[in-house]
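Data first, discussion second: the structure below is written as structure tokens.
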Amino acid sequence: MNEYEINRKTLAIIPIGENKSKVIEVREEFIVNCSPIKIVDNSCKFFGSSYEGRFYGTKTLTGITHKSPIIIEESKKIIFFPTKSPRLNTCIWLSFNNILNYIEKGKESIITFSCGKEIKLDISYSIIDNQVLRSTRLESVLSKRIENFSKSI
């Protein structure tokens, strides 16, 4: 597969090579011939923006400037966050909206998604926890803005 748009069923985008990613969805997994950041950028473009635009949107809304969570699509509140700097080839992107729970297991983290799927990542619990908190903040600010805008019409 050469193209992929992130949607509400997307759980994780994991790099598996220079320009390949494993996409995990609620019911299936497949390989896409694009890097995770390219998939994120293409998905932002599909919904009318770009990764850079969404990055600056997050910065404006929250002040977060590093490892920023990204609003892929605002009406469905599809938010993804990186586990490392998005510039790194080893950066994994996770769906904030689909995470049910995450626990620490040694130096690794186990992410449980709302559909019941689990993935084990070689990433510390504190990094996952910090990214979930940043995503929660972004979602909260977005929700308040949408609510206030709706009231003003």
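The values are calculated or read from the model by the stated rules, or taken from the named source; none is laboratory data. Since the structure is predicted, the reported quantities are computational estimates derived from the model, not experimental observations. All Cβ positions, glycine included, derive from the backbone under ideal geometry; neighbour counts span all protein chains shown.
The table below lists the values:
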quantity: Count - residues of region 59-70 that are out of contact with any helix residue (DSSP H, G or I) (no Cβ under 6 Å at 6 or more places or on another chain) and touching a residue at least 40 places away in the same chain (Cβ under 8 Å); calculated: 1
quantity: Residue list for region 32-48, filter: among the small types (Gly, Ala, Ser) and either at pLDDT below 95 or more than 21 Å from Glu74 (Cβ to Cβ) (or both); calculated: Ser35, Gly48
quantity: Unique match (being hydrophobic (A, V, I, L, M, F, W, C), more than 30 Å from Glu18 (Cβ to Cβ) and modelled with pLDDT of 95 or more) among Leu61, Leu121, Leu133, Leu94; calculated: Leu133
quantity: All positions within region 11-35 that are within 15 Å of the chain's Cα centre (by Cα), assigned to a strand (DSSP E or B) and farther than 16 Å from Lys120 by Cα; calculated: Ser21
quantity: Sole residue being farther than 26 Å from Thr112 by Cβ, of a type outside the set (A, V, I, L, M) and touching a residue at least 24 places away in the same chain (Cβ under 8 Å), chosen from Asn33, Asn19; calculated: Asn33
quantity: All positions within region 99-153 that are surrounded by 12 or more Cβ atoms within 10 Å (Cβ to Cβ), over 24 Å from Arg54 (Cα atoms) and without any contact (Cβ under 8 Å) to a residue 24 or more places away in the chain; calculated: Leu100, Ile103, Glu104, Glu108, Ser109, Ile110, Thr112, Ser114, Glu118, Ser124, Tyr125
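Results for (1) under 22 Å from Arg137 (Cα atoms); (2) surrounded by fewer than 20 Cβ atoms within 10 Å (Cβ to Cβ); (3) aliphatic (A, V, I, L, M), shown as yes or no for each residue.
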position	(1), (2), (3)
Ser49	yes, no, no
Glu52	yes, yes, no
Lys59	yes, yes, no
Lys67	yes, yes, no
Ser75	yes, yes, no
Phe80	yes, no, no
Thr83	yes, no, no
Leu88	no, yes, yes
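Yes/no matrix, rows are residues, columns are (1) closer than 15 Å to Ile13 by Cα; (2) not small (Gly, Ala, Ser):
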| position | (1), (2) |
| --- | --- |
| Asn33 | yes, yes |
| Asp41 | yes, yes |
| Ser50 | no, no |
| Ile70 | yes, yes |
| Ile111 | yes, yes |
| Ser126 | no, no |
| Val132 | no, yes |
